[in-house]
Amino acid sequence: MAAGVRIQHPTERNCTFVMVDASRRYIEPYICGMCGTTHVFKTYHFRLDDVGAAIVSQEIAERLSRPAMRGHGFQIANEVAKPPVQRLVPGVILDRTPIVRHSEMKEPV
């Protein structure tokens, strides 16, 4: 398994942080089983722990530094040599954690 990158948000804790990459439009609207909304653009859902951290792939960490994704507040904390296996389980976020939508990253109409 490839190394991961731990990102950390300065203020948000114990939530799912939702960010939209408005530079990457979907071919057709996508009904999200994770947060219960319809996405028109590529949308990232980061489940933050009690210190505001989440582990992402190196590719996602690189995307966070692109102009379309700046302003989110995340900082790179460190590299994780052997990240835990991450599984996508639709509906789990809705049941367990509050959802925080980055105010500057809402999907354009």
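Are any of the residues in the stretch 54-63 modelled with pLDDT of 85 or more and polar (S, T, N, Q)? The answer is yes, given that some residue of the stretch 54-63 is modelled with pLDDT of 85 or more and polar (S, T, N, Q).
When the stretch 14-36 is filtered for residues that are outside any strand (DSSP E or B) and exposed (fewer than 15 other Cβ atoms within 10 Å of the Cβ), the ones remaining, listed by number, are Asn14, Gly33, Gly36.
Residue-wise test of (1) in contact (Cβ under 8 Å) with a residue 40 or more places away in the chain; (2) not β-branched (Val, Ile, Thr).
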position: Ala3; (1), (2): yes, yes
position: Ala22; (1), (2): yes, yes
position: Val40; (1), (2): yes, no
position: Asp50; (1), (2): no, yes
position: Ala54; (1), (2): yes, yes
position: Glu62; (1), (2): no, yes
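In the stretch 39-60, which residues are of a type outside the set (Asp, Glu) and exposed (fewer than 13 other Cβ atoms within 10 Å of the Cβ)? Selection gives Val51, Gln58. Among the residues of the stretch 37-62, those identified as within 11 Å of the chain's Cα centre (by Cα) and part of a helix (DSSP H, G or I) are Ile60, Ala61. Please determine, by comparing only the residues of the stretch 69-108 that are in a helix (DSSP H, G or I) and in contact with a helix residue (DSSP H, G or I) (Cβ under 9 Å, 6 or more places away or on another chain), which one is modelled with the highest pLDDT. Going through the qualifying residues, I end up with Met69.
All conditions in (1) in contact with a Cys (Cβ under 6 Å, 6 or more places away or on another chain); (2) within 30 Å of Lys82 (Cβ to Cβ) hold for His39, with the sole exception of (2).
The values are calculated or read from the model by the stated rules, or taken from the named source; none is laboratory data. All figures in this text were calculated on a predicted structure; none of them were measured in a lab. Note: ideal-geometry Cβ built from the backbone for every residue, glycine included; neighbour counts use all protein chains shown.
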